[in-house]
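The values are calculated or read from the model by the stated rules, or taken from the named source; none is laboratory data. Keep in mind the model is a prediction, meaning the values are calculated, not measured. All Cβ positions, glycine included, derive from the backbone under ideal geometry; neighbour counts span all protein chains shown.
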Amino acid sequence: MHFFWPYHSLSHVDSLVSLLAAHRAKFSDPKAVEAAIWFHNAIYNSRDKSPANEAASAELAVKHLRDTGVDEARIERIRVMILATATHIVPTAEELGVTSTSDDAEGAVRDAAMLLDIDLSILGAEEAEFNKYERGARKEY
């Protein structure tokens, strides 16, 4: 994993995990969201503007999660959530591998939407925190 960038670093992951913890009760599957958080920038090259970073990160997540015995349906939701961080477009229930008529559909889509929200939460941060992010992002890019 490449956590040496000024912004896309372990501190970014820590911020997201902290937000997840603060709002854990609102998530349908917080463990899946946490896995997506940990893996979403595992492979990261700031010079590559394509979704290749997220795709490679998603592949890495799938491999590791399969190796640890996570069920395939959950792995698929995690994979799709990671891929969604490339565009920040909320995936559909079907894209998340959940039928839109199932009880899990609403929760899976909400989890993905909230993951994307917390990934972009820096944009609503206090000025000093945002300025630190902006400086780090400029160094990366």
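A few notes on this one:
- Yes/no for A125 being under 20 Å from A21 (Cβ atoms), surrounded by fewer than 17 Cβ atoms within 10 Å (Cβ to Cβ) and out of contact with any strand residue (DSSP E or B) (no Cβ under 6 Å at 6 or more places or on another chain): yes
- Considering each residue of region 99-113 in turn, at least one proves to be over 17 Å from L16 (Cα atoms), modelled with pLDDT under 95 and among the β-branched types (V, I, T).
- A55 falls short on exactly one of the conditions (1) in contact with a helix residue (DSSP H, G or I) (Cβ under 8 Å, 6 or more places away or on another chain); (2) at pLDDT below 85, and that condition is (2).
- All positions within region 107-131 that are free of Cβ contacts under 8 Å to residues at least 40 places away in the same chain, assigned to a helix (DSSP H, G or I) and under 21 Å from the mean Cα position of the chain (by Cα): V109, A112, A113, L116, D117, L123, G124, E129, F130
- Look at (1) surrounded by fewer than 16 Cβ atoms within 10 Å (Cβ to Cβ); (2) without any contact (Cβ under 8 Å) to a residue 24 or more places away in the chain; (3) among the aliphatic types (A, V, I, L, M) and you find that A93 fails only one, number (1).
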